Amino acid sequence: RKKIERIIIAGCGSAGWMSAAVLSKQFPNIDIALVESPDIPVIGVGESTLGTINSYLDLLDLQDEDWMAECNATYKLGIKFSDFYAKDDVYYYPFGIKDQQNTQAGTTDWYVKKTLNPETPKNDFYESFYSSMPFIYDNKIYDNKDGQLPNFSWRTDSAYHVDAVLFGHMLRDKVALPNGVVHIKSEIKNVTNDVEGYIESIKLDNGDLLEADLFLDCTGFKSMLLGTKMESFFEKFSDWLPCTKAIACHVPYNDKDLEMENVTNCTGWNSGWCWNIPLYDRIGAVYVYDPKYYKNDEEAIEDFKAYLNSNKMKFHKEDRSEDIEEFKVIDINNGVFNKCWQQNVVGVGLSYGFIEPLESTGLLSVQEILLRLCETLHYNQINRVHVDHFNYVCKTIMYGFRDFVAYHYTLTSRRDTEFWRQAGEYTRMDPRLEDPKL
């Protein structure tokens, strides 16, 4: 195929504008247009990032003061897991590289300590190796410009809680549009393929016909181009990840100084898990769950309300759920298409695949695909080897996310509800153990 000179992005959520921003910045000689359907709502659930988001922001030359206020963003130094391994059990996942100074064999020293002193609590591990833990415990932020925190880099080891919808709008207004991206508000009515299966053009409801060399599918779970038009095979991850629904809501602050934590708080609940993401103006709360343990959505919402009213929240208020205006039920589909780049279509975000965001993989997967796409597009002429390598790397990334999240279930010792009993006893990390023909 000829050199890529025109790109059309279908979809206007955070994945769409993240794509438009970085491509327009990295490839100023490529004509880029984004098609936004005014009738399709944007899913704004993913609101937590990891430190690697700074690699993406660096490509856009964005500093914290350039965008955080517009996106109600707050800083994040790690993830807190409650009630996953056991009831009333807490474990922290701090960002950064382990500080192994004054050890003889690195982290092996701690395992020797644990063997010789079995009563050593597991929190002693991250308190021994991560210098940022005092700041996490005290809910403080420190840029470490004086180097007092060993092995902690503010630029790579701090992340953000961010309103994903506002993040997309910020990228649109500050980067994409100023860099020449054409913003088209219209419904895609028809997609035409050539004889080799490549998309030739898309037709809009206003009658316009748009042609391009590469099409990015950012249409969410609908996957209008990669899934529907290209008829790609979708591999479900139901053997690993049992939760297929989520309930999202916005929780008003009661005590902002207390509740605006510098970690994402994840709590294992009756038939799934809940997360709290403290933005500057409110808390984003979501219950991710397996619907087969509830009669209907209403019963699941009542269970979610029980969590919001419980002492698992940083600020305990027994009738807190009454302050919430809306509970939004969302169907989620854990899995991935067999190819991220098929013919001249690349799926980005939910259009390509989804892993329930227990480890903040939502925006992370978008970012990682875009970084790999930029690497590939920098080749003067893209051939089959480049595309195959891109697909292999993207699929490997998503498989890694899948296994990492699944271990949060399979390694549990909880047996207090049917969901957790099933997770600990029947979830298989490798389905080939069940079917020798695979």
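The values are calculated or read from the model by the stated rules, or taken from the named source; none is laboratory data. Owing to the predicted nature of the structure, the values given are computational and were not obtained by experimental measurement. FYI the Cβ positions are ideal-geometry reconstructions off the backbone, even for glycines, and counts take in every protein chain you see. Note: accessible area is taken over every heavy atom of the protein model, side chains too, but ligands, DNA and RNA are not part of it. Shrake-Rupley method; radii C 1.70, N 1.55, O 1.52, S 1.80 Å.
Do we find a residue being touching a residue at least 60 places away in the same chain (Cβ under 8 Å) and touching a Phe, Trp or Tyr at 6+ places or on another chain (Cβ under 6 Å) anywhere in the stretch 82-99? Looking through the stretch 82-99, at least one residue is touching a residue at least 60 places away in the same chain (Cβ under 8 Å) and touching a Phe, Trp or Tyr at 6+ places or on another chain (Cβ under 6 Å).
Residues in the stretch 81-101 that are of a type in the set (D, E, K, R) and surrounded by fewer than 19 Cβ atoms within 10 Å (Cβ to Cβ): K87, D88, D89, K98, D99. For the stretch 298-310, the criterion of being assigned to a loop (DSSP other than H, G, I, E, B), open to solvent by 40 Å² or more (accessible area, probe 1.4 Å) and out of contact with any His (no Cβ under 8 Å at 6 or more places or on another chain) is met by none of the residues.
Of the strands (runs of 3 or more DSSP E) entirely within the stretch 188-274, those holding at least 2 residues that are more than 25 Å from the chain's Cα centre (by Cα) occupy 188-193, 199-204, 209-211. Scanning the stretch 47-89 for residues that are in a strand (DSSP E or B) and over 22 Å from Y142 (Cβ atoms) returns F81, S82. For the stretch 197-252, a tally of residues being at positive phi, of a type outside the set (S, T, N, Q) and buried (at least 23 other Cβ atoms within 10 Å of the Cβ) returns 0. Restrict the check to the stretch 315-332 and report whether at least one residue is buried (at least 18 other Cβ atoms within 10 Å of the Cβ) and part of a helix (DSSP H, G or I). Within the stretch 315-332 (the criterion being buried (at least 18 other Cβ atoms within 10 Å of the Cβ) and part of a helix (DSSP H, G or I)), the answer is yes, since at least one residue qualifies. The numbered conditions (1) in a helix (DSSP H, G or I); (2) under 27 Å from P278 (Cβ atoms) are all true for L358 except (1). Looking only at the stretch 209-216, decide whether some residue is of a type outside the set (V, I, T), under 30 Å from F304 (Cα atoms) and touching a residue at least 12 places away in the same chain (Cβ under 8 Å). So far as the stretch 209-216 goes, no, none of its residues is of a type outside the set (V, I, T), under 30 Å from F304 (Cα atoms) and touching a residue at least 12 places away in the same chain (Cβ under 8 Å).
Of the residues examined, F135 is one that is part of a helix (DSSP H, G or I) and open to solvent by less than 60 Å² (accessible area, probe 1.4 Å). For the stretch 352-402, give me each residue that is polar (S, T, N, Q) and touching a residue at least 40 places away in the same chain (Cβ under 8 Å). If the condition is that a residue be polar (S, T, N, Q) and touching a residue at least 40 places away in the same chain (Cβ under 8 Å), then S360, T361, Q367, N380, Q381, N391 are the ones that fit.
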